[in-house]
């Protein structure tokens with residue numbers, strides 16, 4: 001790279017980082033939070049004794065896991081307007097990402113709940129806990145510890161997947177990189193810089209994940 005390219009990379013680094021801070025990260029956080037709520041609800045439906053609700057949840061998970069995220073984005077943003085449902089880019093991206101996270105994380109949450117020994121349920125019922133109290137006070141806290149590593153990986157993947165939001169005109173980091181590359185014609189350099197920022201964000205998140213796992217591990221008997 002010549003001096004002009006290096007100068008461009010220096011000048012573009014802050015706009016890209018700012019787009020990550022104001023676009024990519026908030027998009028990932030809000031989508032993951034909503035997706036986690038969906039995942040818990042779907043996991044509980046999967047575990048319910050009602051076959052209708054269980055099959056509905058199973059079908060939802062199957063559809064989400066069996067179709068590409070990009071297609072889900074296009075269906076919500078470009079497809080729904082054909083039936084009169086118009087959604088702005090930002091909420092459309094949040095809806096698509098949340099539904100996607102919900103489908104994948106539901107199986108993580110379900111497996112984590114199933115990992116809690118049945119004796120925990122029985123002991124809680126013995127001391128007078130209701131089903132809801134047992135779930136919220138006994139089972140879910142233990143399941144949360146088990147689900148932290150895979151859910152953290154899901155969040156890290158989501159951060160990278162937010163780049164797909166650029167296809168529906170959401171201004172996040174990759175969209176900003178596209179705009180800079182189109183204006184400067186330094187496509188390779190700008191996209192490599194964007195990749196570097198994604199990698200740095202994921203590196204920070206991975207470090208945080210390891211710290212959380214070590215902290216939770218203190219409460220596990222060995």
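Table: residues versus (1) in contact (Cβ under 8 Å) with a residue 60 or more places away in the chain; (2) exposed (fewer than 15 other Cβ atoms within 10 Å of the Cβ).
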position: 25; (1), (2): yes, no
position: 32; (1), (2): yes, no
position: 35; (1), (2): yes, no
position: 43; (1), (2): yes, no
position: 52; (1), (2): no, yes
position: 55; (1), (2): no, yes
position: 64; (1), (2): no, no
position: 67; (1), (2): no, yes
position: 70; (1), (2): yes, yes
Residue in region 149-164 that is modelled with the lowest pLDDT, counting only those that are within 30 Å of residue 122 (Cβ to Cβ) and surrounded by fewer than 17 Cβ atoms within 10 Å (Cβ to Cβ): 149
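Yes or no, residue by residue, for (1) at pLDDT 95 or above; (2) over 20 Å from residue 33 (Cα atoms):
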position: 75; (1), (2): yes, yes
position: 94; (1), (2): yes, no
position: 108; (1), (2): no, no
position: 119; (1), (2): no, yes
position: 127; (1), (2): no, yes
position: 131; (1), (2): no, yes
position: 136; (1), (2): no, no
position: 141; (1), (2): no, no
position: 146; (1), (2): no, no
Any hit, region 59-72, residues being assigned to a loop (DSSP other than H, G, I, E, B) and at pLDDT 95 or above: yes
Top-ranked residue in region 165-197 [being within 20 Å of the chain's Cα centre (by Cα) and more than 17 Å from residue 17 (Cα to Cα); ranked as surrounded by the most Cβ atoms within 10 Å (Cβ to Cβ)]: 168
Segments classed as helices (runs of 4 or more DSSP H), wholly inside region 110-218, with at least 2 members that are under 24 Å from residue 43 (Cβ atoms): 118-126, 131-134, 140-161, 187-217
Residues located in region 141-176, provided they are without any contact (Cβ under 8 Å) to a residue 60 or more places away in the chain and over 30 Å from residue 191 (Cβ atoms): 141, 142, 143, 144, 146, 147
Only one of 8, 44, 17, 34 that is at pLDDT below 95 and farther than 22 Å from residue 176 by Cα: 44
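The values are calculated or read from the model by the stated rules, or taken from the named source; none is laboratory data. Values in this document were obtained by computation on a predicted structure and should not be read as measured data. Neighbour counts run over all protein chains shown; Cβ positions are idealised from the backbone, glycine included.
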